[in-house]
Amino acid sequence: MLVGNISLAGAVPQEEWSAIYGGMEYDNGYYAQETQDGGYVLAGETLVDYGEEDSAAFLVKLNSDGVEEWNRTFGGPGLDSVYSVKQSEDGEYLLAGSLESRGDLGAGLSDAWLIKTDSNGTEEWNKTFGGADYDSLHCIQKTEDGGYILAGGTSSFGAGFSDAWLIKTDSEGTEEWNRTFGGNSSGYAFFVNKSSDGGYIMAGYNNSSDPYSYDAWLIKTDSKGNEEWNKTFGGTYFDCAYAVQELESREYVIAGVVSDFGAKSDAWLIKTDSNGTEEWNKTFGGPNRDRFNSAQRTGDGGLILAGQTRLTSNPNDYEAWLIKTDSNGNEEWNNTFEGESQYANFNSVQEISDGEYVLAGETGSGTDAWIVKVSPENQLEEDSKVILPVANFSANVTSGYAPLAVKFNDSSENATGWNWDFGDGINSTEQNPAHTYFSAGNYFVILTGNNANRTDSKTAAINVLTPSDSNGGSNSGSSHTSSGSSSGSGGAGGSPEPARNVEVKELSQAFITNGKLVKFDFAKNATCVVYVNFDSKKTAGKTTAIAEQLKGKSTLVSGLPSGEVYKSFNVWVGNSGFATSKNIENPVFCFKVERAWVKDKNVNPESITLNRYSNQKWEQFPVNLSGKTTSTCISQPKLQGFLHLQ
């Protein structure tokens, strides 16, 4: 939604406006950039059909006030994303991401993907890179010769299960060379930039020394991508570098996250000399979960850092985070942004001018793509009395079979006029229109609200199916725990749980390959599910899992198990019927319980059990306190539960 300018106190930049994009499922804004005409573009991913495992890459163009001018989607059937975008000197756009190949679109299970569009977002060409396995791009930068340098990861090439990957192309996306980096296990590069000596500097993670411990990783190459040195930083759990910036002194500053197993993680800043040797490191945040996802040098020689923080003990309450430091990592100011539904996160930040920034991220319980513009106090005060419209609406149905009749309900603020674009060539100026879709397809509905001062727009998706389409049935994944905890297992194409009963949900994506361990990490910590993993007996490609924490008893069960129930939730993995003994084995669920709840209920942690609802009855499984006991395997199905107190 667009938020009006407000009167502020102090020198900390505040929100000037924000805009949300997405449908009723999962959407994420990964990168935002100012454009040559003074507007902005937002790039990311929108899940258009969970049941069919179908997401599209998107690019949205906004004017200087944050009002949408156009939006485009890219990709075919499969899970497709773009993580980075750059505008060329002639006004065209280059996007980097991943394309999940289905049919003849790519060479492997997923391919690294480069797209070029004209200045209006119309695709001119796209190129894929990779082999028979999983490959992806996460960052794109322009090079001095008019070409591009691309960074990401590959499982098709290199020495390990996955390796960091660096690709150089010419201006038409034709590969000139590529290099892989890594050991015997996993590595990935989230960021690359040109270094002052003509080479490249990359940041990411590596776990070649210990398959259960991830280290932040810094790699330096020459101009041809040949490694000059690499350094790792971190402890015994998950540490990662998401960005690196070179200072005027040719030293480097790395931004990321440092964590231990459990609920604690800190945003992390590391400074090295020109050879990657650590000079100092600093952490930011409180006693909960904090991280930096993006960093940029500012015009005054300092750093602007964006990410996420959890300020309270509520595991579902996350705010987006913006911090300014000097070149030595000393904090100058910080600000948080609530977003919607107690969840917000910034994935990228770009300085526009002194004190002005544009940020991309996600917000909301199901998460919508989010772009935010922040400005200093003096700019905002000029327009502090302007009343701006805030466009918003809901639909009585968002998916169904053709012909699909949809009733739209306007909930905009301060709007005096409405213009609806239903995505099929039909428009309306009614405030609360009804519309019928007669053909199958994914339609993006845009409501533009206006008043005398400005316009604002809101976008949502409607999925219309043909009578032969079906998302399949659902094996109930709802489960509870007596004596204070809950966990669950299930497999279905989309959740049949009514949205009104879902307190919060989180999505996780992973590649499912026959014969390999698959792990879905719910890193946002939105629910009590920490991760789900299993051994796969079937290749399914890039797959989405959903954890839903419920407000009360699931509507899919007849009653609760005996004992004190901590939480009720559902877990859904992949398409309809995938998570069965025919396709997976040795499932493991790790969940967390608040220490405060255990203390308040006087619960012995050793007595906590996992309850799974199956075949119209509850099955009870013992759980293991992480790091304190050995795991116990229960057959039919084999199920291990791990608990850690938060």
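The values are calculated or read from the model by the stated rules, or taken from the named source; none is laboratory data. For clarity, every value in this text was computed on a predicted model and none was experimentally measured. Glycine also receives a Cβ, built like all others from the backbone with ideal geometry; neighbour counts cover every protein chain displayed. For accessibility, only protein heavy atoms count, side chains too; no ligands or nucleic acids. Shrake-Rupley method; radii C 1.70, N 1.55, O 1.52, S 1.80 Å.
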Positions within segment 537-562 being surrounded by fewer than 22 Cβ atoms within 10 Å (Cβ to Cβ), touching a residue at least 40 places away in the same chain (Cβ under 8 Å) and small (G, A, S), in sequence order: A540, G541, G552, S558, S562
Segment 262-279, subset open to solvent by less than 10 Å² (accessible area, probe 1.4 Å) and not in a strand (DSSP E or B), residue modelled with the lowest pLDDT: G262
Residue within segment 316-327 that is over 28 Å from V593 (Cβ atoms), among the aliphatic types (A, V, I, L, M) and in contact (Cβ under 8 Å) with a residue 24 or more places away in the chain present: yes
Residues that are at pLDDT below 85 and more than 14 Å from F408 (Cβ to Cβ), drawn from segment 439-455: S439, A440, G441, N442, A452, N453, R454, T455
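Okay, residues lined up against (1) open to solvent by less than 10 Å² (accessible area, probe 1.4 Å); (2) assigned to a strand (DSSP E or B); (3) modelled with pLDDT of 90 or more; (4) among the hydroxyl-bearing types (S, T, Y):
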| position | (1), (2), (3), (4) |
| --- | --- |
| L42 | yes, yes, yes, no |
| E45 | yes, yes, yes, no |
| E52 | no, no, no, no |
| A56 | no, yes, no, no |
| R72 | no, yes, yes, no |
| G76 | no, no, no, no |
| G103 | no, no, no, no |
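Of all the residues that make up segment 198-224, how many are among the charged types (D, E, K, R), more than 21 Å from the chain's Cα centre (by Cα) and either open to solvent by less than 30 Å² (accessible area, probe 1.4 Å) or at pLDDT below 95 (or both)?
The qualifying residues number 2.
Just to check your reading of the model, which residue among V557, V573 is within 22 Å of the chain's Cα centre (by Cα) and hydrophobic (A, V, I, L, M, F, W, C)? Before you say what the answer is, go through the steps one by one.
Working: V557 fails: within 22 Å of the chain's Cα centre (by Cα).
Within the list V557, V573, the selection yields V573.
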Subset tally (residues that are open to solvent by 40 Å² or more (accessible area, probe 1.4 Å) and either acidic (D, E) or closer than 20 Å to Y188 by Cα (or both)) for segment 236-261: 5
Residue identified as open to solvent by 10 Å² or more (accessible area, probe 1.4 Å), small (G, A, S) and out of contact with any Cys (no Cβ under 6 Å at 6 or more places or on another chain) among S185, S195: S185
Pairs with Cβ under 9 Å, 6+ apart, first in segment 435-450 and closer than 23 Å to T416 by Cα, second of a type in the set (F, W, Y) and open to solvent by 40 Å² or more (accessible area, probe 1.4 Å): L447/W418; T448/W418; G449/W418; N450/W418
